[in-house]
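The structure appears below as structure tokens.
The values are calculated or read from the model by the stated rules, or taken from the named source; none is laboratory data. Since the model is a prediction, treat every value here as computed from it, not as a measurement. Ideal geometry is used to build each Cβ from the backbone, glycine not excepted, and the neighbour counts take in all protein chains shown. Side chains are part of the model used for accessible areas, which takes the heavy atoms of the whole protein and leaves out ligands, DNA and RNA. Shrake-Rupley method; radii C 1.70, N 1.55, O 1.52, S 1.80 Å.
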Amino acid sequence: MRVPAKLNLQLAVGPPRADGYHDLVTVFHAISLFDEITVEHADADSVAVTGEGAEAVPQSDDNLALRAVCALRDTGLTTHGGVRVTITKRIPVAAGLAGGSADAAGALVACNELWDAGLSQQGLCEIAGRVGSDVAFAVVGGTAVGRGRGELLSPALVRASARYQWVLAFADGQLATPDVYKAFDRLAERGRTPSPPELNASLMSALRSGDAKAVGAALSNDLQPAAVSLFPGLRKTLEVGRDLGALGALVSGSGPTCFFLAANASRALDLAAALSGAGVCRSVARATGAVPGATIMTGLT
Ligand code: C5P
């Protein structure tokens, strides 16, 4: 399987719920930065992770991909035994790009095939939603609106021909999502109580017309002040990207990756080179979007 990273073009966060999660309205956007996931029959479940940041990924039952395998097995639709999951990471870990969710989505969709479980995309998304807030979107990909914890998806009406050019600035460090939500709650207590989240009409209109300039101007993330408070260097990264002419600049999800929208591919190349030279991040990558979600790449033997 090949499964994409996500950006949140909008992330509007409400007050904490009784279960500790936050109701949100988000616009997910899948980009061309992929992890690869392979599954094979085995006596017992196991996971092996290689690639970018692999040492930080648990190789035990806590691994999100193995949790997805167990969630599918728990449906009772299949009586198959163990699986060996192999993950090659290109999506940085704990970076706000939903890399762990991508791996879970890949394992889920792959086991649905390997075990011939026959679940539809909707059925897979229901299981995915139990595994993690961003897993269902990694199954679906494209550009979609997420509600609830982020797991309730509806399609976003977008200009099909639009291909957005993104530049990603990977930070020298990680942020744990729960810590960022806690910082968000602390900031909200000091300021006003967050109001119920609402979809940004300007962003949706920009996506419908495929107008990159308007999309850039409408990017927003309620978690950004919390992420910047925990990782102050991000303020400078965002500022440098804006000064270099990005159409928009934002922290991705709970951070610390920052992303920038460029007007076209050649501007994206220039922006990536200049950001890299400015020394405001660990490394820089380019990506385009939207791309499809979890995709089967090879035939099963
Ligand atoms: O669902 P997932 O495991 O990706 O969420 C990680 C953590 O992020 C949760 O344990 C919770 O602390 C926080 N979170 C939240 N509200 C959401 C999504 C995530 O508070 N809607």
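Things worth noting here:
- Complete set of residues in region 11-27 that are buried (at least 24 other Cβ atoms within 10 Å of the Cβ) and among the β-branched types (Val, Ile, Thr): THR26, VAL27
- Within region 142-159, restricting attention to residues that are open to solvent by less than 100 Å² (accessible area, probe 1.4 Å), among the aliphatic types (A, V, I, L, M) and not in a strand (DSSP E or B), the residue that is nearest to ARG208 (Cα to Cα) is VAL158.
- Residues considered: ALA42, ALA30. Of these, the only one that is touching a strand residue (DSSP E or B) at 6+ places or on another chain (Cβ under 8 Å) and crowded, with 22+ Cβ neighbours inside 10 Å is ALA30.
- Pick from region 1-47, criterion over 19 Å from SER195 (Cα atoms) and not in a strand (DSSP E or B), ranking: farthest from the ligand (Cβ to nearest atom): ASP43
- Applying the set (1) among the small types (Gly, Ala, Ser); (2) surrounded by 19 or more Cβ atoms within 10 Å (Cβ to Cβ); (3) farther than 26 Å from ILE91 by Cβ to SER202 leaves exactly one unmet item: (2).
- Options VAL145, VAL131: the member that is closer than 17 Å to LEU11 by Cα, in contact (Cβ under 8 Å) with a residue 12 or more places away in the chain, among the β-branched types (Val, Ile, Thr) and within 15 Å of the ligand (Cβ to nearest atom): VAL145
- Some residue of region 57-64 being assigned to a helix (DSSP H, G or I), under 22 Å from MET297 (Cα atoms) and within 16 Å of the ligand (Cβ to nearest atom): yes
- Residue pairs whose Cβ atoms lie under 7 Å apart, separated by 6 or more positions or on different chains, with the first residue in region 87-98 and at pLDDT 95 or above and the second of a type in the set (Lys, Arg), are LEU97/LYS6; ALA98/LYS6.
- Looking across ALA249, ALA226, one residue alone is of a type in the set (A, V, I, L, M), within 20 Å of THR177 (Cβ to Cβ) and either at pLDDT 95 or above or assigned to a helix (DSSP H, G or I) (or both). It is ALA226.
- Top-ranked residue of region 99-128 - restricted to ones that are outside any helix (DSSP H, G or I) and modelled with pLDDT of 95 or more, ranked as farthest from the ligand (Cβ to nearest atom): SER120
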